[in-house]
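Rule-based calculations on the coordinates, nothing more; no lab input. If you're wondering where the values come from, they're calculated on a predicted model, not measured in any experiment. Neighbour counts are summed over all protein chains in view; Cβ atoms, including those assigned to glycine, are modelled from backbone coordinates with ideal geometry.
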Amino acid sequence: MNDSLRAVVSGAGMIGAVHAAAIRAAGGELAGVVASTPERSARAADGWGVPSRYPDFATVLADDSVSVVHVCTPNALHVGQAEAALRAGKHVICEKPLATSTSDAERLTRLAREAGLVLAVPFVYRYHPLVREIRERRLRGEFGAWQLLHGSYLQDWMLSENAMSWRVDPADGGPSRAFADIGSHWCDLVEWVAGVRFTTLTARLGTTVATRPAGTGASFATTGEGPRVRVRTEDVATVLLRTDGGVLGTLTVSQVSAGRKNRLWFELDGSAASAVFDQENPETAWLGAPDGARVLVRDPNRGSAEQRRLSRLPAGHAQGYADCFNSFVADAYAAIRGEAPDGLPTGEDGVRSARLVEAVLTSSASLTWVDVEPAPMAPGAPAAPTGLEAIA
């Protein structure tokens, strides 16, 4: 395979543009972009400086020179596009959620595995250098046994009663919004860094804005008038979790917390030490000990090998979200070339996230504790249908 992989982005919104920049940063060739219409595709191609023109997704699939498809469309389209790309023999980087149901996520992951193709999901907060540093210190046993895991993921982009997005509609975004969109990031990050699995949980979901503008809400921005629709997805969520080791965790999720733009925050409290990471201040981490605390600063000349690898800039030159995304795509492309980069989130992580989302929805509806993983079958019991039989 040539060193320069040819990639196409499906979806021309904000996250599509982030993928496009990351493709180039990783040394790939941005071969094209496909949007909802040929006209939008052409405008995006012009704006991103892409010479090729793909009028529709089928044209991308038919182009044998394209090695990778980045799926950046609304959530409901992920499964169909990712599956079509995999069946066309292309590697896939699919925005999260990989699917809005566990069975669909399992089907995609199994398809990729059997075809020998990379299926990566951008849980990119794993790529903050100090996140890697905390994880390495956990692997060395620096924190001791976990006592409590807690944190939050807070945003304010849906605070206004006139804010609207396709994510609000379950038909486009799936049955969960705030938890599936951002709470899933927190769970992935804490499980990966702390080395735990959340096995049971109880959750409560809340909708704080009862109605929002129909469509995009553009008319409200200019006139303050227009039809409204009932909101059927959550603005906030609270989750109490228990790990496979019996450790309790708590998570608060909100898309209506004024002033919080993208604050993913966690604290991991161990018997010997604690660690705190705040995504809005990613250049530092807080480390606590019984005799005091200190602030650790990202430094490519110190710390774990992974912190040094992912530190693209000298200490004091701030890195952020875009650097994480660039590192994630670079690792996904390394995997396509046959390497095994540490911590690359794949289809299995997408399945894990889908299980957590379904458990949260089930718990909130039933007001009970819910197992995240399916219960093991009793000996001799018939297997439950999985939705995977068609590709077995």
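What is the stretch 115-176 by shape, rounded, prolate or oblate, if you read a ≥ b ≥ c off the alpha carbon gyration tensor as root eigenvalues and call it rounded for a/c under 1.5, prolate for a/b larger than b/c, and oblate otherwise? Here the stretch 115-176 falls in the oblate category.
Approximating the spin labels as points 7 Å out from Cα along Cα→Cβ, the residue 113-to-residue 289 distance works out to 4.2 nm.
The length gained on full extension between residue 225 and residue 157, counted as 0.36 nm times the residue separation minus their Cα-Cα distance, comes to 22.5 nm. Measuring nothing but how far apart in sequence close Cα pairs (under 8 Å, 6+ apart) lie, relative to its length, the chain scores a relative contact order of 20 percent.
Could you work out the Rg to Rh ratio of the stretch 1-124, with Rh taken as the Kirkwood radius (inverse of the mean 1/r over all Cα pairs)? Dividing the radius of gyration by the Kirkwood radius yields 0.94. Beta-bridge orientation, the chain: approximately 65 percent antiparallel, per DSSP, counting only bridges with both partners inside. Model label points for residue 317 and residue 56, set 7 angstrom from Cα along the Cα-to-Cβ axis, are 4.7 nm apart. Calculated from the structure at hand, log10 I(q)/I(0) by the Debye sum over Cα atoms at q = 0.08, 0.10, 0.12 Å⁻¹ is found among (i) -0.37, -0.59, -0.87; (ii) -0.43, -0.69, -1.01; (iii) -0.63, -0.76, -0.89 as (ii). Approximating the spin labels as points 7 Å out from Cα along Cα→Cβ, the residue 14-to-residue 337 distance works out to 3.2 nm.
Highest mobility in the GNM of the chain, judged by mean-square fluctuation with C-alpha springs under 10 Å and restricted to 300, 170, 227, is found for 227. In terms of its alpha-carbon gyration tensor, the stretch 53-176 comes out oblate; a/c meets the 1.5 threshold, while b/c is at least as large as a/b. Of the DSSP H helices in the chain, those that are both long (alpha-carbon extent of 24 Å or more along the helix axis) and hydrophobic (Kyte-Doolittle mean at least -0.5) are 347-366. By definition, a body whose alpha carbon gyration tensor gives a ≥ b ≥ c is prolate when a/c is 1.5 or more and a/b is larger than b/c, and the stretch 177-291 fits this prolate description.
A convex hull fitted around the alpha carbon atoms of the stretch 26-67 yields 71 Å³ per residue. Mean separation of Cα pairs under 8 Å and 6 or more residues apart, divided by the residue count, gives the stretch 110-236 a relative contact order of 29 percent.
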